[in-house]
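In what follows, a structure is listed as structure tokens, so that the remarks can point back to it.
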Amino acid sequence: AISRSEDFLTASKPAERQQPEWLEVAYRLADAYQAKIKKGELSDGDAKRLQSNARNLVREVSQHPNEFRQQAQLALASLTPKAAAGAAPKSFDEAFAAGKTAIDLWNSANLAAKLAKENNPEAVDELQEQAQGNRDEARRMLEAATTLADSQTPIEQLNTVRYYLCIL
């Protein structure tokens, strides 16, 4: 089932992958990856590869309106490892991408914390701490992006960075 789903997703066009049916396939495939990892029958390299693939799939699902969006945001918050503190980006594009990712993770962790208040109250503090860490990382990366910007940096992207910093 995993290889067939991978084949379907690989053969699909980018526009198709935004349709609800394809987003469901991506979400279910990420779920299957997680189940396979939990079995513990994989080498470390294979487990890391599947974990990364699952994270990419739920990130994609969480970015488009669909019935699995909320679940994907929760999964993204739990699948994303904590960023290495102090890792400095080398370019504007790298810092900008890392900042946007951290904002997505901040939003996902905030949503997970809100839902946990009703379903899993003991996890709320950890999720709020995770959200704060993602917010701090987003701010750090976006501030780095402003210092790495040069005359070749598209003004639209620089203004987006400034906007995100205002929100944070």
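The values are calculated or read from the model by the stated rules, or taken from the named source; none is laboratory data. Source: prediction; values computed, not measured. Counting neighbours? That spans all protein chains shown, and the Cβs are built from the backbone with ideal geometry, glycine included. Note: accessible area is taken over every heavy atom of the protein model, side chains too, but ligands, DNA and RNA are not part of it. Shrake-Rupley method; radii C 1.70, N 1.55, O 1.52, S 1.80 Å.
Here are some notes:
- Filter pass, Val124 being at pLDDT 85 or above, open to solvent by less than 40 Å² (accessible area, probe 1.4 Å) and under 30 Å from Glu6 (Cα atoms): no
- Subset of the stretch 135-168 that is of a type in the set (Val, Ile, Thr) and not in a loop (DSSP other than H, G, I, E, B) - its residue that is least open to solvent (accessible area, probe 1.4 Å): Val161
- The stretch 36-47 residues that are free of Cβ contacts under 8 Å to residues at least 24 places away in the same chain and on the phi > 0 side of the Ramachandran plot, paired with ones that are of a type in the set (Gly, Ala, Ser) and open to solvent by less than 60 Å² (accessible area, probe 1.4 Å) (beta carbon under 9 Å, 6 or more apart): Gly40/Ala47
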